[in-house]
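Bear in mind these aren't lab numbers, they're just calculated from the coordinates by the rules spelled out. Source: prediction; values computed, not measured. Cβ: placed from backbone, ideal geometry, glycine included. Neighbour counts: every protein chain shown.
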Amino acid sequence: MLTSKQRAVLRKHAQSLDVVFQVGKGEIDEALVKSTAECLAARELIKMRVLENSPYSPREAAEILAEKTGADCVQVIGSKFVLYLQKKKDSKYADLLRK
């Protein structure tokens, strides 16, 4: 669980990120969950988008993916959301979050 100050730091770093995945009209299936988990393991902080034809709202999609991947939902704004999962080793954000 992230504190509000930690979320603020991560939101700041997420502003410059590009969207890496889109949730479309299909269900959130195991393939999307697996791809998201692999991307989180590599990058720690990712931005995703929910398309208009999706059956999920951005908040619902963020909560489902965060729960299934073990990540924290940093921010939901408009159709985009940001997920964070700290690496066990060599975390880019660990020092920033300790402050």
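Over 20 Å between Cα atoms: which of Lys25/Lys87; Lys5/Lys34; Lys12/Lys88; Lys34/Lys88; Lys12/Lys34 fall into that group?
Lys25/Lys87; Lys5/Lys34; Lys12/Lys88; Lys12/Lys34
Choose one of Ala14, Ser35, Leu51: the residue whose Cα lies farthest towards the positive end of the charge dipole of the range 4-87 (beta-carbon charges +1 Lys, Arg; -1 Asp, Glu; about the Cα centre).
The Cα lying farthest towards the positive end belongs to Ala14.
What is the gain in length, in nm to one decimal, between Leu97 and Glu52 on full extension, counting 0.36 nm per residue of separation less the C-alpha to C-alpha distance?
Between Leu97 and Glu52, full extension yields 12.9 nm more.
How far, in nm, would the chain grow between Ser35 and Glu60 when pulled straight, counting 0.36 nm per residue and subtracting the alpha carbon separation?
Contour length minus Cα-Cα distance gives 7.2 nm.
What is the magnitude of the charge dipole of the chain about its Cα centre, with +1 placed on the Cβ of each Lys and Arg, -1 on the Cβ of each Asp and Glu, and no other charges, expressed in debye to the nearest 20?
It comes to approximately 600 debye.
Mind giving me the nanometre distance, one decimal, between the label points for Phe21 and Ala42, set 7 Å out from Cα along Cα→Cβ?
Computed distance between label sites Phe21 and Ala42 equals 1.2 nm.
Using the Cα atoms of the range 52-99, I'd like the radius of gyration and the largest Cα-Cα distance, Dmax, both in angstrom.
Spelled out, the Cα radius of gyration and Dmax of the range 52-99 are 12.9, 40 Å.
In whole Å, what are the Cα extents of the range 8-64 along the three principal axes, biggest one first?
31, 22, 18
Here are several values of Rg/Rh (Cα atoms, Kirkwood Rh): [x] 1.09; [y] 0.95; [z] 1.24. Which one was derived from the coordinates shown?
Computing Rg/Rh (Cα atoms, Kirkwood Rh) and matching it to [x] 1.09; [y] 0.95; [z] 1.24 gives [y].
So what's the back-of-envelope 222 nm ellipticity for the chain, counting only DSSP H runs of four-plus at -39500 (n - 2.57) apiece and dividing by all residues, rounded to 500?
So the helix-based figure for the chain works out to -12500 deg cm²/dmol.
So how do Arg49, Arg59, Arg98 line up by other beta-carbon neighbours within 10 Å, fewest first?
Result, fewest neighbours first: Arg98, Arg59, Arg49.
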